[in-house]
1. Applying the selection to the stretch 180-208, what residues are surrounded by fewer than 17 Cβ atoms within 10 Å (Cβ to Cβ) and closer than 21 Å to Glu79 by Cβ?
2. Within the stretch 75-96, how many residues turn out to be surrounded by 14 or more Cβ atoms within 10 Å (Cβ to Cβ) and part of a loop (DSSP other than H, G, I, E, B)?
3. Restricting the stretch 130-163 to residues that are touching a Lys or Arg at 6+ places or on another chain (Cβ under 6 Å) and not in a loop (DSSP other than H, G, I, E, B), which is farthest from Gly65 (Cα to Cα)?
4. Need a quick list: strands (runs of 3 or more DSSP E) entirely within the stretch 210-287 having at least 3 residues that are β-branched (Val, Ile, Thr) and at pLDDT 90 or above.
5. Could you pull out the residue among Arg61, Arg29, Arg40 that is modelled with pLDDT under 65 and either touching a Phe, Trp or Tyr at 6+ places or on another chain (Cβ under 9 Å) or surrounded by 15 or more Cβ atoms within 10 Å (Cβ to Cβ) (or both)?
6. Quick check on my filter: what residues within the stretch 130-153 are within 20 Å of Thr231 (Cβ to Cβ) and buried (at least 16 other Cβ atoms within 10 Å of the Cβ)?
7. Spot the failing condition for Val185; the list is (1) out of contact with any strand residue (DSSP E or B) (no Cβ under 9 Å at 6 or more places or on another chain); (2) farther than 30 Å from Gly115 by Cα, and only one is missed.
8. Give the residues of the stretch 92-134 that are under 23 Å from the mean Cα position of the chain (by Cα) and either of a type outside the set (Gly, Ala, Ser) or within 16 Å of Phe179 (Cβ to Cβ) (or both), sorted by residue number.
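The values are calculated or read from the model by the stated rules, or taken from the named source; none is laboratory data. Note that the structure is predicted; figures quoted are calculated from it, not measured. Using ideal geometry, Cβ is built from the backbone for each residue, glycine included, and neighbour counts are taken over all protein chains shown.
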Amino acid sequence: MQRGFSLVEMVISIALIGVIAVMATPLIRLPLAAWSDASRRADLVQAAQAANAQLAQDLQRALPGSVRLRTLGPRVLIEMLDVRAQGRYRGGSGGAGVCPVACAAPASRDALLPGCADGCFTSLGALEGDPPVPAADWLVVLADPTSNPYLGGNVAVPGGVKSRLVDVLAAPEGQRVRFAAHNFVAGSPQRRFYVVAGPVTWDCDPVAGTLRRLAGYPIAAAQPINPAGATSNVVVSDGVTACQWQLQPGVLGSTLLARMQLQRTAAGGMEVERLEHQAQFALAQWR
């Protein structure tokens, strides 16, 4: 004779299953919570490493002596001028005579002549870096480590170290570089010149919780708080709670000490994962 479950047996079975489920819940939640914590921390580490990698790339391309820092309470801004290309200019006599006579003997017309309203020279070999952008980039010649490339802002001024680039074309033994006629008061000891694309700002704002990278705005004599006209404004990282950036000059060149704090909050806002990331960057040296 077949016999099924009685109502009492079914109630007891359901109650036992419920007790077992309650007892097993912590065993399931603990691995899930650990996985969630590890995932949030991995996201923080990845975000910090990505930000550091991009900042390091910008600092490596920065014009020597152009890195400047500004602190506004918890907010920190670091700005630099991005070097698109660089090379060495011809000095003295020689060259193929591809530049017009400026204010010196024709034998020296392919050289960059400080103290003269020059507007053309030829480089010694090809430029290193990316192709220059005529009418947008700047030609910069640093006479010494104290040269101020921000002087005059987005305008070339007497006594300044920059002039607007006109074009760069192929020439015998190098490239012909033309620029708006400018009197460079002094030349570079190693006859080095730079083609600068423009400024780049890194803006750490713990109040907004963001680390931003801004570019594509005009050069300003004073470091801007909110760069106007930026064509690029990218949030490199969110969840930023603090930034500490410190420039340290040294015998062999300056370094930037960077400390950034990030955090991620779990769903519901109850649990928080925090990370403090530190890094040290070497800045381009004056040569």
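1. Initial filter on the stretch 180-208 (surrounded by fewer than 17 Cβ atoms within 10 Å (Cβ to Cβ)): 180-181, 183, 185-186, 189-190, 207-208.
Val207, Ala208, listed by residue number.
2. First pass over the stretch 75-96, keeping only residues surrounded by 14 or more Cβ atoms within 10 Å (Cβ to Cβ): 75-91, 94-95.
Filter once more, keeping what is part of a loop (DSSP other than H, G, I, E, B): 90-91, 94-95.
Residues in the stretch 75-96 being surrounded by 14 or more Cβ atoms within 10 Å (Cβ to Cβ) and part of a loop (DSSP other than H, G, I, E, B): 4 in total.
3. Ranking the qualifying residues of the stretch 130-163, first place goes to Trp138.
4. Values: elements: 210-215, 232-238, 240-248, 255-265, 272-282.
Ranges flagged: 232-238.
5. Working: Arg61 fails: modelled with pLDDT under 65; Arg29 fails: either touching a Phe, Trp or Tyr at 6+ places or on another chain (Cβ under 9 Å) or surrounded by 15 or more Cβ atoms within 10 Å (Cβ to Cβ) (or both).
Just a single option satisfies the conditions, and that option is Arg40.
6. In the first step, residues of the stretch 130-153 are kept if they are within 20 Å of Thr231 (Cβ to Cβ); the result is 130-138, 150, 153.
Across the stretch 130-153, the qualifying residues are Pro132, Asp137, Trp138, Tyr150.
7. Among (1) out of contact with any strand residue (DSSP E or B) (no Cβ under 9 Å at 6 or more places or on another chain); (2) farther than 30 Å from Gly115 by Cα, Val185 violates only (2).
8. Our first condition is that a residue be under 23 Å from the mean Cα position of the chain (by Cα); within the stretch 92-134, this holds for 127-134.
Correct list: Leu127, Glu128, Asp130, Pro131, Pro132, Val133, Pro134.
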